[in-house]
């Protein structure tokens, strides 16, 4: 699980907006850019080149924030 203090300071490297963790803390989501960043061994991989596109309309409810809700 990611440290809550770390989550407070993390930002999307593409837009500098906030990121929201998935319930299982395996991904960090940027609602503005629609990118998701992998978390590996409790280390966020905050590289735009490593990010994946994320479409909340197609997302599995367990995979991340839905309907604008924050995890």
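Throughout, read-outs are computed from the coordinates displayed, never taken from laboratory work. The structure presented is a predicted model; accordingly, all values stated were derived computationally and were not measured. As a convention, Cβ positions derive from the backbone with ideal geometry for all residues, glycine included, and neighbour counts pool all protein chains shown.
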(request) Treat each spin label as a single point 7 Å out from the Cα along the C-beta direction, and report the residue 40 to residue 26 distance in nm. (result) 1.5 nm
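Please report the relative contact order for the range 4-56, taking Cα pairs under 8 Å with a sequence separation of at least 6, and give it as a percent rounded to a whole number. Let's see the in-between values first.
Values: 77 pairs, mean separation 13.4, N = 53.
Value for the range 4-56: 25 percent.
At a Förster radius of 25 Å, what calculated FRET efficiency corresponds to the Cβ-Cβ distance of residue 55 and residue 2, to the nearest 0.05?
Values: r = 23 Å, r/R0 = 0.93.
So, using R0 = 25 Å, E works out to roughly 0.60.
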(request) Mind ranking 25-38, 7-20 by how tightly packed they are, going by the mean number of other C-beta atoms within 10 angstrom, highest first? (result) 25-38, 7-20
